[in-house]
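Engineer: Okay, here's the structure, questions in a sec.
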Amino acid sequence: MATHSLKHALFCAVVTLIIAYPILGLDLEARGTSVVLAGADTATVVSVLAAALVVFVFQLFRHRILGSLGTMPSLNPFANREPMPQDKRQRLETIALVVLVVAALIWPFFVSRGAVDLATLVLIYIMLALGLNVVVGLAGLLDLGYVAFYAVGAYTFALLHQYFGVSFWVALPVGAGLAATFGLLLGFPVLRLRGDYLAIVTLGFGEIIRILLNNMTWLTGGPNGIGGIPDPTVFGMEFGRRVKEEGNVSFHEIFDVAYSGSHKIIVLYLIALVLALFTALVIRRFTKMPVGRSWEALREDEIAARSLGLSRTAVKLSAFTIGAFFAGFAGTVFASKQGFISPESFVFLESAIILAIVVLGGMGSQLGVILAAVAVIILPELAREFSEYRMLIFGAAMVLMMVWRPQGLLPMRRIHIEINKQE
Amino acid sequence: MLEVRNLSMRFGGLLAVDQVSLDVQEREIVSIIGPNGAGKTTVFNCMSGFYRPTGGTILFEGREIQGKPDFRISRLGLVRTFQHVRLFSKMTVVENLLVAQHRHLNTNLIAGLLRTPSYRQREQQALDRAAYWLDRVGLLDMANREAGNLAYGQQRRLEIARCMVTEPKLLMLDEPAAGLNPAETRDLNQLIIGLKEDYNVSVVLIEHDMSLVMEISDRINVINQGRPLASGTPDEVRQNDDVIKAYLGEA
Ligand SMILES: Nc1ncnc2c1ncn2[C@@H]1O[C@H](COP(=O)(O)OP(=O)(O)O)[C@@H](O)[C@H]1O
Ligand SMILES: [Mg+2]
């Protein structure tokens with residue numbers, strides 16, 4: 001036992017060294033015309049060694065440290081708590097949700113435009129993560145190319161507007177539907193593959209879509225992207241200074257208020273909020289429906305599920321398609337928010353971030369996913385000065401999470417179904 | 001209703017099942033017995049579509065089903081349990097039974113989102129059927145427990161209930177008594193007889209302990225090292241010389 005943990009601790013320390021030294025210590029420097037690899041200065045070497053030492057000590061006494069942390073009541077308020085009865089819990093959750101939604105509705109009127117804009121981005125990621133949660137958390141399919149469906153939604157709106165002048169509200173269902181169709185077409189051949197292969201193929205698919213967007217210059221403008229994507233209108237009202245589209249009217253003229261640049265941003269935020277709520281509610285219902293139960297059944301025990309007549313392909317395909325649908329949804333909102341999109345917005349890192357949100361949030365739990373989306377998108381913004389170490393902090397957080405709480409921030413809790421007892 | 005003819009299954013160099021034949025009539029309990037490794041589970045796996053047999057035919061209600069996908073065979077009414085219990089262990093007991101009833105439910109997504117009357121009615125019927133079967137196997141009080149937290153014997157009964165809510169015509173049980181104590185085994189035998197009498201299902205039962213199946217089986221097939229050794233009524237099998245030599249003799 002002791003030698004085992006010693007070995008393990010040594011291993012972790014060496015891995016830390018191997019990862020940290022090149023990231024922090026080595027630098028590509030331009031000297032004249034040539035690029036040279038510069039070694040680390042002493043301070044960095046010392047700090048990397050110190051970090052490795054910390055990892056070593058922590059891993060060596062991991063059980064003792066984690067054990068004492070877990071039992072310390074001040075650090076873990078949930079340590080000896082009884083689970084709440086179901087009806088009480090659900091009532092609390094409903095109240096919390098209502099308070100949250102009301103707060104989210106009035107909050108943007110009191111803060112800066114930048115904050116509202118960031119919040120809209122968070123809402124887009126919430127939609128994405130809730131959708132991917134269906135695929136990864138509920139159905140247990142590792143999809144590394146989820147960003148492709150996001151791109152399909154965004155580009156559908158951009159192209160439909162560019163060529164046919166289609167508005168946001170028409171593009172929204174079309175983009176989501178098209179993303180879902182892509183999900184269906186890709187899923188059909190691919191879902192026969194298991195775990196790792198599925199991950200690799202979806203990863204490839206994500207890249208293919210991005211490369212296609214990059215290279216089909218005649219259609220998509222390639223790396224230059226597509227601009228001039230309009231904001232959503234509400235009952236034919238536009239929120240810009242001047243009306244752009246024929247037949248629309250301007251919000252500030254109708255209501256006779258002074259024009260303000262924040263109208264547009266707040267409206268977009270509110271629309272994103274409504275759509276995110278819609279996404280959450282629809283997916284929540286799915287989980288209580290036959291389709292949601294079959295996703296979980298297949299994840300729990302595929303052989304048993306098949307022996308009861310569930311078709312693996314059909315069940316997986318439904319999860320994949322529904323996940324893709326909501327990515328398309330989010331993509332349309334994203335295109336509208338940015339007003340300009342290019343393939344650069346849909347790189348693999350995006351898939352990784354969305355996946356990280358799902359994993360942090362606790363595979364399957366909606367509230368957890370929402371919290372994680374807020375954390376993953378907002379924290380890096382707050383920690384701008386540490387931006388160099390962003391990915392490092394991000395990675396460290398993920399590793400810690402996996403060690404400490406592999407079930408995520410808020411693991412999924414099952415909702416019990418009441419059964420009528422027959423006498 | 002079920003006719004297995006000269007079924008063979010080869011794994012590389014190993015002939016796990018060699019020319020096994022089997023007949024099951026309506027409302028009949030037929031047992032397959034044989035020592036460990038005789039090939040009983042493999043016969044089941046071929047019948048339920050988990051393996052594609054390398055030889056022979058399987059007719060169910062006159063249709064050839066060998067090599068069909070497992071979920072299609074299950075939908076025809078041939079449903080099985082597993083030698084090592086396979087429940088959806090993180091789901092609750094009722095949910096296990098609801099999953100199994102997917103074909104009786106309204107799976108239209110729009111109907112479910114809108115909770116149409118037809119959707120709710122089907123959902124309620126499924127819950128009622130689940131409650132009925134839980135009551136039947138004595139698990140009603142456990143309805144909202146996680147299936148994985150049930151005691152072993154309860155898990156076995158839940159697995160059988162989960163088959164029964166699909167309203168099968170033929171139930172295949174792979175060593176359902178394994179790991180049960182004598183009292184539980186007696187209850188299980190009563191349950192199996194009840195299934196036949198009250199719900200008109202036929203049962204194919206795998207056991208490796210011969211004495212267990214003697215009283216409830218209409219007919220027994222003995223296989224040994226993949227080959228059929230004997231078949232007939234319990235009395236015929238009990239008096240068969242080959243069986244006594246190869247099987248009872250060693251005990
Ligand atoms: N998938 C498989 N691949 C290779 N050999 C197998 C496989 N399944 C079963 N066998 C072999 O077939 C023989 C019969 O196994 P099985 O049907 O499980 O026996 P029983 O259920 O009668 O105890 C055993 O020797 C086993 O090792
Ligand atoms: Mg066996």
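Engineer: Considering only protein heavy atoms, what is the solvent-accessible area of A:Ile126 at a probe of 1.4 Å, reported in Å² to the nearest 10?
Structural biologist: Approximately 10 Å² for this residue.
Engineer: So for region A:240-373, considering every pair of alpha-carbon atoms, how many percent are separated by more than 24 Å?
Structural biologist: 49
Engineer: To the nearest whole number, what is the average tally of beta carbon atoms from other chains within 10 Å of the beta carbons of peptide B:98-107?
Structural biologist: Mean number of neighbouring Cβ atoms from other chains: 6.
Engineer: Tell me the label-point distance for the pair B:Ile244, A:Phe255, using the 7 Å Cα-to-Cβ offset, in nm and rounded to one decimal.
Structural biologist: Between B:Ile244 and A:Phe255, the label points sit 9.8 nm apart.
Engineer: Could you check the spin-label model distance between A:Val399 and A:Ala96? Points 7 Å from the Cα along Cα→Cβ, value in nm.
Structural biologist: The modelled label-to-label distance comes out at 3.1 nm.
Engineer: Carbon-plus-sulfur fraction of the accessible area of region A:294-373, 1.4 Å probe, in percent?
Structural biologist: Ligands and nucleic acids excluded, carbon and sulfur give 65 percent.
Engineer: Separate question: Over every pair of different alpha-carbon atoms in region B:87-166, take the mean of 1/r and invert it; report that Kirkwood radius in Å.
Structural biologist: For region B:87-166, inverting the mean 1/r across all distinct Cα pairs yields 12.8 Å.
Engineer: A further question follows. For region A:111-166, just run the numbers: alpha carbon Rg, then divide by 2.2 N^0.38 Å, N being how many residues it has.
Structural biologist: Its radius of gyration relative to the 2.2 N^0.38 Å reference: 1.45.
Engineer: Using a 7 Å offset from the Cα along the Cα-to-Cβ direction at both A:Val45 and B:Asp209, what is the distance between the two label points in nm, to one decimal?
Structural biologist: Calculated label separation equals 7.1 nm.
Engineer: Pull up all non-local amide H partners of B:Val203: gap of 5 or more, or a different chain, and H-to-H distance under 5 Å with H placed in the peptide plane.
Structural biologist: Amide H neighbours of B:Val203, under 5 Å, 5+ apart: B:Glu28, B:Ile29, B:Val30, B:Leu171.
Engineer: What number do you get for region B:51-122 when its Cα radius of gyration is normalised by 2.2 N^0.38 Å, N = residues?
Structural biologist: Compactness ratio reported: 1.49.
Engineer: When ranked by the protection proxy of mean other Cβ atoms within 10 Å per residue, highest first, what sequence do the peptides A:143-149, B:206-212 form?
Structural biologist: The most tightly packed comes first, giving A:143-149, B:206-212.
Engineer: While we're here: Could you tell me the accessible area of A:Trp169 in Å² (1.4 Å probe, neighbours in place), rounded to the nearest ten?
Structural biologist: Its heavy atoms expose roughly 110 Å² to the probe.
Engineer: What ranking do B:16-29, A:295-308, A:96-109 get when scored by the average of other Cβ atoms within 10 Å per residue, highest first?
Structural biologist: Packing order, densest peptide first, comes out as A:295-308, B:16-29, A:96-109.
Engineer: How well do other chains shield peptide B:64-75, expressed as the mean number of their Cβ atoms within 10 Å of each residue Cβ?
Structural biologist: Going residue by residue through B:64-75 and averaging, the value is 3.
Engineer: Moving on. If we sort A:321-330, A:367-376 on the protection proxy, mean other Cβ atoms within 10 Å, highest first, what's the order?
Structural biologist: A:321-330, A:367-376
Engineer: Okay, moving on. Give the share of C-alpha pairs in each 20 angstrom bin for region A:100-404, from 0 to the last occupied bin, in whole percents, shortest bins first.
Structural biologist: Result, from short to long distances: 33, 57, 10, 0 percent.
Engineer: Using only protein heavy atoms and a 1.4 Å probe, how much accessible area in total is buried between A and B, to the nearest 100 Å²?
Structural biologist: Buried: approximately 3400 Å² between B and A.
Engineer: Ranked from the most accessible area to the least, with a 1.4 Å probe and all protein chains present, what is the order of A:Lys7, A:Lys316, B:Lys68, A:Lys88?
Structural biologist: A:Lys7, A:Lys88, B:Lys68, A:Lys316
Engineer: How much of the accessible area of region A:101-257, in percent, comes from carbon and sulfur atoms when a 1.4 Å probe is used?
Structural biologist: 67
Engineer: Classify region B:1-72 as rounded, prolate or oblate, taking a ≥ b ≥ c as the square roots of the eigenvalues of its Cα gyration tensor: rounded when a/c is under 1.5, otherwise prolate if a/b is larger than b/c and oblate if not.
Structural biologist: oblate
Engineer: Based on the Cβ-Cβ distance of B:Arg186 and A:Asp196, what FRET efficiency does E = 1/(1 + (r/R0)^6) give at R0 = 41 Å, to the nearest 0.05?
Structural biologist: The computed FRET efficiency comes out at 0.30.
Engineer: Still on this structure: Roughly how many Å² is the accessible area per residue of region A:100-404, as a whole number, for a 1.4 Å probe?
Structural biologist: 43
Engineer: List the extent of the Cα atoms of chain B along each of their three principal axes, largest first, rounded to whole Å.
Structural biologist: 64, 39, 32
Engineer: Over region B:170-236, with a single point scatterer placed on each C-alpha, what log10 of the ratio I(q)/I(0) does the Debye formula yield at q = 0.11, 0.28 1/Å?
Structural biologist: The Cα Debye sum returns log10 ratios of -0.26, -1.41.
Engineer: Oh, and also: Quick one: Karplus J couplings for region B:145-152, per residue in order, coefficients 6.51, -1.76, 1.60, θ = phi - 60°, nearest Hz, x for Gly and Pro?
Structural biologist: Per residue, the Karplus-derived 3J(HN,Hα) values read 6, 5, 4, x, 8, 6, 5, 4 Hz.
Engineer: Across peptide A:296-304, how many C-beta atoms of other chains are within 10 Å of each residue C-beta, on average?
Structural biologist: Mean partner-chain Cβ count within 10 Å for A:296-304: 6.
The values are calculated or read from the model by the stated rules, or taken from the named source; none is laboratory data. All values derive from a computational prediction rather than experimental measurement. Positions of Cβ are backbone-derived with ideal geometry, glycine not excepted, and every protein chain shown enters the neighbour counts. With ligands, DNA and RNA removed, areas are computed over all heavy atoms of the protein, side chains included. Shrake-Rupley method; radii C 1.70, N 1.55, O 1.52, S 1.80 Å.
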